[in-house]
Amino acid sequence: MRPTLLGLLLAALAHSSASADQPKPIAIGAKAPDFRNLPAVLGDRETTISLADIKEDVVVIVFLGNHCPFVTMVEDRLIDLANDYAAKSVKLIGVCVTPLPASADAGYQDYAEQDTFPRIKERVQQKGYNFLYARDDSQAIGRGFGPKVTPHAYVLDKNRVVRYSGAIDDNIQNEHEVKKTYLRDAIDAVLAGRDLAVTQTEAIGCPINYLDTP
């Protein structure tokens, strides 16, 4: 039997250990926070990624986590998106900011084990990700953008201003019942130089365990 969305939400909340020190969500129209030399995987190759080195006009950043069933639901959608926009000056980057197992809150270590860099490499090759999947042990990029759950998508324009924040579409559980393709619509609008009809939606997913800052 396929799990219900409510059941998955309850499961996600059950294994969450959200810190009181939650980051503030970045505002639409704000300049994206810089990031440099994040370790990443592309296919079978390890590399690094820096925002300043990206040449494409549009950057799509999606916060992910291997442990999260909601991320599993959208993997194929992200792979299709990367294929569909490959020739359109769009760069898709997945980022994981799950804390390292030794630092994760009690009850979260098992999930953190699934999101280490070696496990990210395994997932990229196992699933056939065709986009960069990076990891930030410091969680700085997460604190800069402020996502509270995975998956959460952001669209940046050529000036690296945040133009969209939120869900990939309006039906995370069933791709075939999607009626509103928020992320694709945002990308298309930015590429065409148009104002976005929808700039922000609520992302549904697994809570991110942010560590308390000193």
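Each value in this text was obtained by applying a stated rule to the coordinates, not by laboratory testing. What you are looking at is a predicted structure, and each value in this text was computed from that prediction instead of being measured. Please note: Cβ atoms are built from the backbone with ideal geometry, for glycine as well, and neighbour counts cover all protein chains shown.
May I ask you to list the aspartates and glutamates whose Cα is less than 19 Å away from that of residue 121, ignoring any residue fewer than eight positions away on the same chain?
Residue 121 reaches 44, 46, 75, 76, 110, 113, 136, 137.
Tell me which of 145, 193, 128 sits at the most positive position along the dipole axis of region 25-201, charges placed on C-beta atoms (Lys, Arg +1; Asp, Glu -1).
It is 193.
Based solely on C-alpha atoms, express the radius of gyration and the Dmax of the chain in angstrom.
16.1, 47
Looking at 114, 98, 59, which one has the Cα that reaches farthest to the positive end of the dipole of the chain (charges on Cβ: Lys, Arg +1; Asp, Glu -1)?
59
With +1 on the Cβ of every Lys and Arg and -1 on the Cβ of every Asp and Glu, and nothing else charged, how large is the dipole of the chain about its Cα centre, in debye rounded to the nearest 20? Write out the running numbers ahead of the final one.
On the way: 23 positive and 28 negative charges, 83 e Å.
Roughly 400 debye, rounded to the nearest 20.
Quick one: 3J(HN,Hα) in Hz for region 130-144, Karplus 6.51/-1.76/1.60 with θ = phi - 60°, rounded, Gly and Pro as x.
Each residue's phi maps through the Karplus curve to give 10, 9, 5, 10, 10, 9, 10, 4, 6, 6, 4, 5, x, 5, x Hz.
Given a Förster radius of 25 Å and the C-beta distance between residue 37 and residue 106 as r, what FRET efficiency does 1/(1 + (r/R0)^6) yield to the nearest 0.05?
Details: r = 31 Å, r/R0 = 1.25.
After rounding, the FRET efficiency stands at 0.20.
So what is the 222 nm mean residue ellipticity for the chain from helices alone, if each DSSP H run of at least 4 adds -39500 (n - 2.57) and you divide by all residues, rounding to the nearest 500 deg cm²/dmol? Let's see the in-between values first.
On the way: 6 runs with 59 residues, N = 214.
When only DSSP H runs of four or more count, the value is -8000 deg cm²/dmol.
Pairs of Cα atoms under 8 Å, at least six residues apart: use those to get the relative contact order of region 25-201, whole percent.
30 percent
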